[in-house]
Amino acid sequence: MDLAHGLPRDKGLLRFITCGSVDDGKSTLIGRLLYDSKALLQDQLAAVEQDSRRWGTQGQAIDFALLVDGLAAEREQGITIDVAYRYFATERRKFIVADTPGHEQYTRNMVTGASSADVAVILVDARKGVLEQTRRHGFLVHLIGIRQVVLAVNKMDLVGHEQGVFAHIDADYRAFAARLGPAQVTSIPLSALSGANIVGKSAAMPWYTGPALLPFLEACEVDETRLRRQPLRLPVQWVNRPSLDFRGYCGQLASGVLEAGQPVRILPSGRQTRVARIVDIDGDRPRAQAGESVTFTLEDEVDLSRGDLVCAIDSPAEVADQFECTLVWMADEPMLPGRPYLVKIGTRTLGATVTEPKYKLNVNTLEHLAAKQLDLNEIGVCNLALDRAVPFDAYADNRATGGFIVIDRMTNNTVGAGMLHFALRRAHNIHPQHLDVDRAARSAIKGQEPVLLWFTGLSGAGKSTIANLVEKKLLAQGRHSYLLDGDNVRHGLNKDLGFSAADRVENIRRVAEVARLMVDAGLIVLTAFISPFRAERRMARALLPQGRFIEVHVDTPLSVAEARDVKGLYAKARRGELKNFTGIDSPYEPPEAPELRVDTSTMSVEEAAGQVLALLRARGSIG
């Protein structure tokens, strides 16, 4: 059953978003659209009932009143608290409308609602004119890539249907929109309460010669129509192999047209081949176009898997692993530069890190502001680095292949959404250099297996003391080692970093990269850092081959560590003189499954060091 509740598939589908300030009349407008098209909805409701019986979902959307009353909760609270989707249809077209929040703190909700919209309807109260909220919504709509905007000047009945009021608001918004870039703006004076210029032209405003809102929505071009004129882009979602004699590839066309016999290029491999068949449930078909989901076969045996992109042979996408992008942050926890995340682009999921923002955007004034991180609902321009190259288009050219979401590695929650601008030049110019002398050769001449011992725990737990003793014992055995200590590194490599969450992430990222190089040199490397966040410790582990990272949790209770307070740091933190101190006003996330756990409140430093050496011997790093 399709998204619009079983409506005939030969009708076009338009997705549009409504946005505006609180009390501009978004919910009233949607209710009016549903109410005034009630006569045209009878076929829809009959289809819904039929599909309900077919799919065993009786009781869903049987009464028209339910379509309107679904907005009552938002009206009673005086603010739309989330994105509310509504479905309706006319004789000419099906519609999905997203009613999005008006307040600034719900920026992420508006971005979500706008991400798949063809048209944005921005409401303005005729009595108030273009507000800061109006400009913010106009900017967000432009950012998401919606190029058809309806400026719905509502409540014209409350200003006497004056043409001059409408003309002033129209000119004001167009002057702002011109700063954003190309867009088609259609301004419509209306009254959602009375229905003026909603379904038909209103006699109260004879001076207005443009279309009413619903006829405009019925006639405007949808993105799928425009995308059919663009080069072929087909992200592969999965491989269909029901028998040994058939190997099909499945996906939804993001843009362009796919035809049997068409030459195509597979990215990122660059392999060229031809489409053999386009397979449908009723047999083969000659072609498919943007928006359709298809199964197809290829003439040649090609290594094609989920995440690959099928492109027009003469207009392929680019391939890169580093980009400039715009990022909208959607999580309560801030975006921390250098922290490892997952990124999903098309049907491919990859490891990623984001740099410190070049700037964040004030969406009300379009001002560029300095920023170290991005907080909830903030938007910034950053560089994005992936763990491998992917095919892509600029988001301005193709939303499907240029947009991405950011996923938290630990919770799998979506925490951000972004738009790719372009590949960084260094992504094309820097390639791995093969070296003949490798880690195995360096390890052999040292007679040891290199490994990274990662000591983590609260300040005062004993990390540096244990690590120092372990290295002394390794030296006595003739082993080659190096100790990276937190305080020492901050006097050199990381002297430009503070102790904010963002700086802590960057501190560990740099240390992990240095430690990786030292392990590659064949050394037994020890690091003694609080390293309070699991995400960064996982990042450090992921840099090394399996078995080369040993996490040692010096699990000393806070009360014991604070009682020691050799450097007087806990006392300063308790007095409020030292901000972002781990264990006091900054969190410590203990390891969930460390290779070794020691507690210096119950064992001596000598005993703890002995356990570390015993683990190294058991793993074969030393004899």
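Excluding residue 271 itself, what net charge comes from residues whose Cβ is under 11 Å from its Cβ, given Lys and Arg +1 and Asp and Glu -1?
Details: positive: 265; negative: 300, 301, 303, 308.
Neighbourhood net charge equals -3.
Between residue 375 and residue 599, take the C-beta separation as r, use R0 = 35 Å, and let me know the FRET efficiency to the nearest 0.05. Intermediate values should be presented prior to the final figure.
Working: r = 36 Å, r/R0 = 1.04.
Efficiency, rounded to the nearest 0.05: 0.45.
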Worksheet item: Measuring from the lowest to the highest alpha carbon on each principal axis, how far does the range 504-554 reach, largest first, in angstroms?
Response: 27, 21, 18
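Placing unit charges on C-beta atoms (Lys and Arg positive, Asp and Glu negative, everything else neutral), compute the dipole magnitude of the range 204-296 about its Cα centre in debye, rounded to 20.
Working: 12 positive and 10 negative charges, 117 e Å.
The calculation lands at about 560 debye.
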Discussion item. Quick check: the angle from helix 42-55's long axis to the longest principal axis of the chain, C-alpha only, nearest 10 degrees?
Written reply: 40
Fill in: Point-charge dipole on Cβ atoms (K/R +1, D/E -1) for the range 513-623, about Cα centre, debye to 20
180
Item to complete: Give the residue from 180, 526, 340 lying farthest towards the positive end of the charge dipole for the chain; charges sit on Cβ (+1 for Lys and Arg, -1 for Asp and Glu) and the dipole is referred to the Cα centre.
Response: 526
Fill in: Relative contact order computed over the chain (Cα-Cα under 8 Å; 6+ residues apart), in percent
9
Worksheet entry | Computed E for residue 476/residue 572 - FRET, C-beta separation, R0 45 angstrom, nearest 0.05 | 0.75
Practice prompt. Using a 1.4 angstrom probe, figure out how much accessible area the range 468-612 has per residue, in square angstrom, rounded to the nearest whole.
Written response: 48
Item to complete: Would you please name the trypsin sites (Lys or Arg not before Pro) within the range 473-503 that are DSSP coil residues with at most 15 other C-beta atoms within 10 Å of their C-beta?
Response: 495
Practice prompt. Please say if the range 206-339 is rounded, prolate or oblate, where rounded means a/c under 1.5 for a ≥ b ≥ c the square roots of the C-alpha gyration tensor eigenvalues, and otherwise the choice is prolate for a/b larger than b/c and oblate otherwise?
Written response: oblate
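First check a/c for the range 163-227, with a ≥ b ≥ c the square roots of the eigenvalues of its C-alpha gyration tensor; if it is under 1.5, answer rounded, and if not, answer prolate when a/b is larger than b/c or oblate otherwise.
Values: a/c = 2.72, a/b = 1.18, b/c = 2.30.
Verdict is oblate for the range 163-227.
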Worksheet entry | Accessible surface of the chain, 1.4 Å probe, proportion on carbon and sulfur as whole % | 50
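State the extension gain, in nm to one decimal, for the chain segment bounded by residue 446 and residue 422, taking 0.36 nm per residue of separation less the distance between their alpha-carbons.
On the way: separation 24, 0.36 × 24 = 8.64 nm, distance 4.53 nm.
My answer for the length gained is 4.1 nm.
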Response to the item:
1/(1 + (r/R0)^6) with r = Cβ-Cβ of residue 229 and residue 410, R0 = 45 Å, i.e. FRET efficiency to nearest 0.05, evaluates to 0.60
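Once you have the Cα-Cα distance between residue 368 and residue 488, take 0.36 nm times their residue separation minus that, and quote the gain in nm to one decimal.
Length difference between fully extended and current span is 39.6 nm.
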Worksheet entry | Qualifying trypsin sites (Lys or Arg not before Pro) in the range 561-623, DSSP loop, other Cβ atoms within 10 Å at most 14 | 567, 575, 579, 619
Response to the item:
Once both label points are put 7 Å beyond Cα along the C-beta direction, the residue 534-residue 163 separation in nm becomes 6.7
Discussion item. At 1.4 Å probe size, what's the solvent-accessible area of residue 592? Round to the nearest 10 Å².
Written reply: 140
Worksheet item: How much accessible area per residue does the range 111-245 have, in Å², with a 1.4 Å probe?
Response: 42
Worksheet item: What is the list of residues in the range 268-285 whose amide nitrogen lies under 20 Å from a point 7 angstrom out from the Cα of residue 246, following Cα to Cβ?
Response: 275-285
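Suppose all protein chains stay in the model; what accessible area per residue would a 1.4 Å probe give for the range 341-402, in Å²? Walk me through the numbers on the way to the answer.
Numbers: 2370 Å² over 62 residues.
Ligands and nucleic acids excluded, the result is 38 Å² per residue.
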Worksheet, complete the sentence: For the range 250-303 (alpha-carbon point model, no solvent) the Debye-based log₁₀ I(q)/I(0) at q = 0.14 Å⁻¹ works out to -0.34
Fill in: Separation of the residue 282 and residue 394 label points, Cα + 7 Å toward Cβ, nm
4.1
Worksheet item: For the chain, what size does the Cα cloud have along each of its three principal axes, sorted from largest down, in whole Å?
Response: 96, 69, 49
Worksheet item: Once you charge only the Cβ atoms, +1 for Lys and Arg and -1 for Asp and Glu, what is the size of the charge dipole of the chain about its Cα centre, to the nearest 20 debye?
Response: 1220
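What is the antiparallel percent of DSSP beta bridges lying wholly in the range 101-204, to the nearest 5?
Details: 1 of 13 bridges.
Counting DSSP beta bridges with both partners in the range 101-204, the antiparallel share is about 10 percent.
Would you mind calculating the relative contact order of the range 449-551 from Cα pairs under 8 angstrom and at least 6 residues apart, reporting the percent as a whole number?
Computed over the range 449-551, the figure is 49 percent.
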Worksheet entry | Calculated on alpha-carbon atoms, Rg and Dmax of the range 470-603 in Å | 15.6, 46
Worksheet item: For the chain, with the dipole built from +1 on Lys and Arg beta-carbon atoms and -1 on Asp and Glu ones, taken about the Cα centre, which of 293, 227, 586 lies farthest toward the positive end?
Response: 586
Practice prompt. Answer with one residue from 445, 402, 392: the one whose Cα lies farthest towards the positive end of the charge dipole of the range 307-450, charges on Cβ with Lys, Arg +1 and Asp, Glu -1.
Written response: 445
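The values are calculated or read from the model by the stated rules, or taken from the named source; none is laboratory data. All of these numbers come straight from a predicted model, not from anything done at the bench. Glycine gets a Cβ as well: all are built from the backbone with ideal geometry, and neighbour counts include every protein chain shown. With ligands, DNA and RNA removed, areas are computed over all heavy atoms of the protein, side chains included. Shrake-Rupley method; radii C 1.70, N 1.55, O 1.52, S 1.80 Å.
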